[in-house]
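The values are calculated or read from the model by the stated rules, or taken from the named source; none is laboratory data. Computed from a prediction, not measured in an experiment: that's the story for all the values here. Here the Cβ is made from the backbone with ideal geometry for all residues, glycine too, and neighbour counts use every protein chain on show. The protein model used for the area step is the full one, side chains on, heavy atoms only, and it has no ligands, DNA or RNA in it. Shrake-Rupley method; radii C 1.70, N 1.55, O 1.52, S 1.80 Å.
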There are 2 protein chains.
Amino acid sequence: MTTVLIADDQPMQRFGFRMLLESQDDMTVVGEASNGTEAIRLVDRHHPDVVLMDIRMPGLDGIEATRRIVAAGARTRILIVTTFDLDEYAYDGLRAGASGFLVKDAQPEELLAGVRAVASGDAVVAPSLTRRLLDAYIHHLPESGAPGPSPEDARLGALTDREREILTVIGQGWTNAEIAERLHLAESTVKTHIGRILAKTGARDRVQAVILAYDTQLVTPA
Amino acid sequence: MTTVLIADDQPMQRFGFRMLLESQDDMTVVGEASNGTEAIRLVDRHHPDVVLMDIRMPGLDGIEATRRIVAAGARTRILIVTTFDLDEYAYDGLRAGASGFLVKDAQPEELLAGVRAVASGDAVVAPSLTRRLLDAYIHHLPESGAPGPSPEDARLGALTDREREILTVIGQGWTNAEIAERLHLAESTVKTHIGRILAKTGARDRVQAVILAYDTQLVTPA
DNA sequence: GCGGGCGTAGTACCTGGGTACGACGGGGAA
DNA sequence: TTCCCCGTCGTACCCAGGTACTACGCCCGC
């Protein structure tokens, strides 16, 4: 019997997963979590074989939750199932230690097959992603020892901590004057930082920087 | 017995809905459609009491499908169930003739209650939407009281189609000059539109407008 | 010790963006 | 028909933002 934990912030989605899984006589759902923190807690309590993990969840997201569960040494396998077939997500997710990555528009049978695969130690990736993922991997091969906690997007990787911090508040919609005031800086300093951010990321102006911040999940939609 | 048709492009979502509905002894699912065209065809064939209609579907979307089904004089009631709680969608959907609008992160019980409500001729709107929808409606009503300047509006609901279009491309990072060129407009016209967008949304500048666009899913991360 | 990255700060300059107007044609609603 | 919304375009003005450059203290690695 394969035990499964469902982590998704949408009740209907969880319901669908639960019904599907419970309809199989070799699977059982041992819990449901609506965010990453809850998922970690329930994994710690129930030690499920597989976690169906959504990425977009309030608070702690699925990627980070995956990272922590894997880092904690749990034998639980993570199968990421998300709405968006973004290669960057897949990449981050697999780097975080997930055993698989499927998109929600997969057929129910595919999902069941995926659960069984990761439960038995295999890895699965949505067919629509395989190619791009492979390309991404090849591209990232030369980089062997990635320092720091989270490398994230290539373009953001070159930013310093301070620059990432500045970019984050730009993504909050703050003006240079506000940034200077709230971060206790001179406005000229803020401009210097922003100039470097734009140069490093290739963004033309703060608007494109904000878009980049959203696209790379540096900031997330409210 | 209430007969229901499910129209959603995601198989797993359909599965969840079907399981939920079939678990009720006063409901039965008479068909599933994965796009608007198919939904229209199946409504014509089965004449269901209620259609659970998703908005985002390939080809003919849920709004247009709703419009055509209602226009065809079918006694079928449409209950729009979508991922995004955008007032503009709700507004469009209800204008198109839908009897209700719920978001997918609703509790299953809410959804069942919604189906029963529209089947019996009532209208339902997700609680999270009611207030904004009301604001939008009030704005479209003939003014009787003190008109005044009223510079501020709730959110995207008050935007015209053109303004929403402009906001979308701002969210792509385009400059005013680029917008003017690619949309075959004068830059002054672009500025006029943007000025109105900022006034209506309450955003201070285009950066905050972009943030709003992302937060409301008008534009989605790449 | 020395170079270099980082964070800080300044000056000078120029451009894009936003504001505040006014104006006009078309089309739908009263 | 009349009125008003919408989309269009224009001019003038001001300022936040971005560029370009220099500079200094700190800390780290070599």
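Neighbouring Cβ atoms from other chains, within 10 Å of the Cβ of residues in B:165-172, number 1 on average.
Computed from backbone phi with θ = phi - 60° and the Karplus coefficients 6.51, -1.76 and 1.60, the 3J(HN,Hα) list for region B:165-175 is 5, 4, 4, 4, 6, 4, x, 8, x, 6, 7 Hz; x is used for glycine and proline. The string of couplings for region A:23-34 from the Karplus curve (6.51, -1.76, 1.60, θ = phi - 60°) is 6, 9, 7, 10, 9, 8, 8, 9, x, 9, 10, 10 Hz, one whole number per residue in order, with x for Gly and Pro. Label point of A:D161 (7 Å along Cα→beta-carbon): distances to the other copies' equivalent points are 5.2 nm, sorted ascending. According to the calculation over all Cα-Cα pairs in region B:156-215, the P(r) per 5 Å bin from zero is 4, 20, 36, 27, 11, 2 %. Backbone amide hydrogens, once placed in the peptide plane, bring A:V51 within less than 5 Å of A:L5, A:R77, A:I78, A:L79, excluding anything fewer than 5 places away on its chain.
Positive contributions from Lys and Arg (+1) and negative ones from Asp and Glu (-1), summed over other residues with Cβ under 13 Å from the Cβ of B:L21, come out at -4.
Accessible surface buried by the A/B pair amounts to about 3000 Å², both sides summed, 1.4 Å probe. Placing a label point 7 Å from the Cα of A:T220 along the Cα-to-Cβ direction, the distances to the matching points in the other copies come to 1.7 nm, shortest first. Peptides B:10-21, A:173-184, B:191-202 ranked from most to least packed by the mean count of surrounding Cβ atoms within 10 Å: B:10-21, B:191-202, A:173-184.
A:A186 label point (Cα plus 7 Å toward Cβ) to equivalent points in the other copies: 4.3 nm, shortest first.
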